[in-house]
Amino acid sequence: MQDIYQLNELFTQVQLQQVFPDGKTFPDCLPRFPLDDINKRYLAQRGLPSFNLAAFVHDNFYPPVVYGKEYKADVSEPVQKHIEELWDVLTRMPDAEKGSLLPLPKPYIVPGGRFGEIYYWDSYFTMLGLQVSGRVEMIQNMVDNFAYLIDTIGYIPNGNRTYFKGRSQPPFFALMVQLLKEEKGNGILVQYLPQLKKEYAFWMTGKNELEEDNTAVAHIVCLPGGALLNRYWDEHDTPRPESYKEDVELAHEAAQPPTDLFRNLRAAAESGWDFSSRWFKSPGHFASINTTNIIPVDLNCLMYYLEYTLSEASMLAGKKQEAFAWSIQAAKRKTTIETYCWNERQNFFTDYDFADKSLKDDITMAGMFPLFFGIATASQAEKASIVLHTKLLKAGGCIASTETTGQQWDSPNGWAPLQYIAIKGLEHYGMHNLAAEVAKRWLDLNIKVYKSTGKLMEKYNVVDTDLLAGGGEYPSQDGFGWTNGVLLKLMQMYKSSFAEEAN
């Protein structure tokens with residue numbers, strides 16, 4: 001079936017002329033008539049003196065639904081009640097395939113705003129809040145939807161849109177399954193073992209193609225000595241349909257070939273950090289993005305946990321030899337992460353540029369993932385906590401990175417998932433006071449913005465808490481799935497100390 005983004009000239013002109021202010025809008029539209037008929041009319045009418053592209057588009061396409069647009073919060077009510085109401089507002093029911101939307105068999109929660117589809121890594125943090133709310137069946141629904149995507153596509157795409165095919169997002173499926181296990185018992189791990197294996201196979205595709213002169217294939221990189229780590233990658237090397245104009249314009253500034261640039265942009269989109277200075281070759285220069293040359297510390301921690309979960313699930317399934325093999329694989333990866341991603345200069349975990357054979361010096365919140373997963377040694381965790389306290393922690397929580405570039409995953413912005421990873425990582429190593437301080441600053445900011453605007457935002461300015469977050473390819477969105485989830489979870493974790501006072 002043809003998609004809107006495959007309409008060639010019509011699609012290109014709509015995006016380059018910015019018929020819609022947001023490049024994501026047109027790919028998400030629903031055609032009023034068969035796309036072939038619309039395209040024929042366009043080709044016949046485009047040269048007429050009276051032709052108006054915007055009018056043509058609005059006559060031939062329905063705009064996408066904006067979730068939560070009509071909802072108005074009562075800020076006199078506690079934020080917990082607001083979130084409980086939002087779960088229903090942000091729920092999407094299963095439906096037939098429409099436009100670019102990939103149908104899912106069960107209900108699910110969307111982030112909100114321009115994001116009217118499910119997103120992979122967002123959903124884990126949304127589920128944390130669903131667990132606090134006692135909405136276990138919605139967690140089950142969402143895990144089942146992701147299992148369905150793995151079974152039908154072979155992996156979980158960035159989101160359930162056709163134009164996201166070709167890339168995934170940070171692999172949080174194992175954490176989702178473990179979360180569901182907390183509610184429904186060990187049998188859950190056995191139930192989803194086939195999908196856990198399939199997801200692992202996706203991230204390790206091309207392993208047998210690695211050679212001495214071909215050390216990187218798809219998502220896998222072979223390092224000296226034969227150790228394997230993962231990188232972000234996308235099957236395609238064309239402009240992203242949802243950001244077509246931005247990608248094409250950036251190509252005019254880039255020294256690298258357009259196909260390389262587009263793949264690097266897509267790979268960064270797969271990382272969820274779209275965009276951040278951590279992917280740049282030259283600090284502050286977006287056009288120098290080189291995501292595919294970088295081994296991200298957070299991705300490899302997630303892959304470690306996937307291997308760990310596969311070992312646990314295999315043991316529960318009575319497959320002891322498989323369980324042992326998975327545990328060996330996880331142990332190897334843990335050692336390799338420590339070898340390649342612990343940065344002695346920075347006393348922090350950082351990404352590794354395998355093309356340059358050097359550690360990057362960017363201080364980002366990705367460096368807290370080894371604490372979250374218990375990979376760091378006690379000494380490394382202590383040093384990392386000092387860096388977090390002195391360089392990343394600000395008035396409203398932790399900045400995504402220490403660089404200020406105008407990109408949304410850099411300073412001054414803070415994001416809910418990164419706060420949660422840091423807080424849980426610090427708690428894991430017994431650094432309870434610092435964890436509580438990060439949580440308090442983040443909760444205070446979330447609730448302050450809620451009381452003044454009636455909204456929970458996608459991201460926050462944690463440096464100047466009187467300003468809204470900015471940067472990125474679109475305005476900051478409200479709703480917002482993962483902010484809701486992390487806020488509820490942290491309020492539950494710290495309810496006896498300060499969270500209730502905030503209301």
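The values are calculated or read from the model by the stated rules, or taken from the named source; none is laboratory data. Every value quoted in this text rests on a predicted model; they were computed, and no experiment measured them. Cβ coordinates were reconstructed from backbone atoms using ideal geometry, including for glycine residues, and neighbour counts include every protein chain displayed. The area values use the complete protein model at the heavy-atom level, side chains included, leaving out ligands, DNA and RNA. Shrake-Rupley method; radii C 1.70, N 1.55, O 1.52, S 1.80 Å.
State yes or no: is Leu196 over 30 Å from Asn145 (Cβ atoms), touching a residue at least 12 places away in the same chain (Cβ under 8 Å), in contact with a helix residue (DSSP H, G or I) (Cβ under 8 Å, 6 or more places away or on another chain) and not basic (Lys, Arg)? Spell out the reasoning first.
Details: over 30 Å from Asn145 (Cβ atoms): no; touching a residue at least 12 places away in the same chain (Cβ under 8 Å): yes; in contact with a helix residue (DSSP H, G or I) (Cβ under 8 Å, 6 or more places away or on another chain): yes; not basic (Lys, Arg): yes.
So Leu196 fails the test.
Here is a yes/no grid of residues against (1) open to solvent by less than 40 Å² (accessible area, probe 1.4 Å); (2) part of a loop (DSSP other than H, G, I, E, B); (3) within 13 Å of Pro296 (Cβ to Cβ):
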position: Asp356; (1), (2), (3): no, yes, no
position: Asp361; (1), (2), (3): no, yes, no
position: Gly367; (1), (2), (3): yes, no, yes
position: Glu382; (1), (2), (3): no, no, no
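Just one of (1) buried (at least 22 other Cβ atoms within 10 Å of the Cβ); (2) closer than 30 Å to Asp237 by Cα trips up Leu189, so point out which.
(2)
I'm trying to understand the selection: among the residues of region 89-143, which are of a type in the set (Asp, Glu) and either open to solvent by less than 30 Å² (accessible area, probe 1.4 Å) or closer than 18 Å to Asp478 by Cβ (or both)?
Of region 89-143, the ones of a type in the set (Asp, Glu) are 95, 97, 117, 122, 137.
Glu117, Asp122, listed by residue number.
Which of the residues spanning region 327-346 are open to solvent by 50 Å² or more (accessible area, probe 1.4 Å) and closer than 18 Å to Asp298 by Cβ?
Result: Lys334, Thr335, Glu338, Thr339.
Kindly provide the set of residues from region 447-478 that are open to solvent by less than 10 Å² (accessible area, probe 1.4 Å) and within 22 Å of Gly272 (Cβ to Cβ), ordered by number.
Leu456, Glu458, Lys459, Tyr460, Val462
Residue-by-condition table, conditions (1) surrounded by fewer than 23 Cβ atoms within 10 Å (Cβ to Cβ); (2) modelled with pLDDT under 95:
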| residue | (1), (2) |
| --- | --- |
| Tyr244 | yes, no |
| Val248 | yes, no |
| Asp260 | yes, no |
| Leu265 | no, no |
| Glu270 | no, no |
| Ser276 | no, no |
| Gly284 | yes, yes |
| Leu299 | no, no |
| Met315 | yes, no |
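Can you name the condition, by its number, that Glu307 falls short on among (1) of a type outside the set (A, V, I, L, M); (2) in a helix (DSSP H, G or I); (3) over 16 Å from Ala227 (Cα atoms)?
Failing condition for Glu307: (3).
If the requirement is being touching a residue at least 12 places away in the same chain (Cβ under 8 Å) and either open to solvent by 30 Å² or more (accessible area, probe 1.4 Å) or within 21 Å of Arg240 (Cα to Cα) (or both), which of these qualifies: Ile150, Ile156? Show your work before the answer.
Numbers: Ile150 fails: either open to solvent by 30 Å² or more (accessible area, probe 1.4 Å) or within 21 Å of Arg240 (Cα to Cα) (or both).
From the options Ile150, Ile156, the qualifying one is Ile156.
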